[in-house]
Structures are given as structure tokens and as C-alpha cells.
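The values are calculated or read from the model by the stated rules, or taken from the named source; none is laboratory data. Treat the numbers as computed from the prediction; the structure is a model and nothing was measured. Note: ideal-geometry Cβ built from the backbone for every residue, glycine included; neighbour counts use all protein chains shown.
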Amino acid sequence: MVDTTALAATQAYSKAISSATGAKPEAVSNEAIEGPSFAEMLSDAGTDAIETGVNAEQVSLEAITGNTGLADIVTAVSNAEATLETVVAVRDRVIQAYQDIIKMPI
């Protein structure tokens, strides 16, 4: 019978990676741990989103004074809009994941 536990799947995946790369399984698992944490990545993404919004506001203010062109304004506003849509999509996914977790039986 095939073992379908999460531990067995993780070990099989680790073996597949090590055989494909020639690395030891321990080296593969340590590599994954050394990267930035999820909280750091989320914080960086939030900071980038805020900077994009601030940049769009600055370009809009420069447009009022006549110091920038129409193409710069459109580019800054569309970047801010795309960033806002991304933030809203991530927020919606986080809320959905939280609701799914809450619905799980204990």
C-alpha cells in the first residue's frame, strides 16, 4: 500500500530534488529556511505598495504645477491602480483562507 501522509510526501519530494540537483536532502531543506520569512515578504510588499501610491500622488501634484507630462501622469496612476488591485486581491485571499480555516472541524 502507498503511504500518503504529508511526511512521506515531503520526504519523497526532498529525494526527488536531491536526485535532480545532486545535493544532499539536508542542504535543500536548509536552503529553503535561509530565505526571507513570510512576514518580511509581506512587509516589503506593503512598503512597495505605499511607495507606489505616494509616487502617484507626487506626480499628480507635479501635474498641477505643470512640471510633468501627461504620459508620466498616466503611467504613475496606472501603476498605483494595478498595485491597489493587487493589494485588494491579496487581502481577499487572506480573508478567504482565514474563513476556510475557521470552518475546519477540530
Would you point out which residue out of Glu85, Glu34, Glu26 is modelled with pLDDT of 85 or more and charged (D, E, K, R)? Glu85
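Looking at the range 65-87 only, could you name the residues that are more than 17 Å from Thr47 (Cβ to Cβ) and part of a helix (DSSP H, G or I)? Before the answer, list the steps.
Residues of the range 65-87 more than 17 Å from Thr47 (Cβ to Cβ): 65-78, 81, 85.
Thr65, Leu70, Ala71, Asp72, Ile73, Val74, Thr75, Ala76, Val77, Ser78, Glu81, Glu85, listed by residue number.
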I want to confirm something. Restricting to the range 79-99 and keeping residues that are touching a helix residue (DSSP H, G or I) at 6+ places or on another chain (Cβ under 9 Å) and of a type in the set (Gly, Ala, Ser), which single residue is surrounded by the most Cβ atoms within 10 Å (Cβ to Cβ)? Ala80
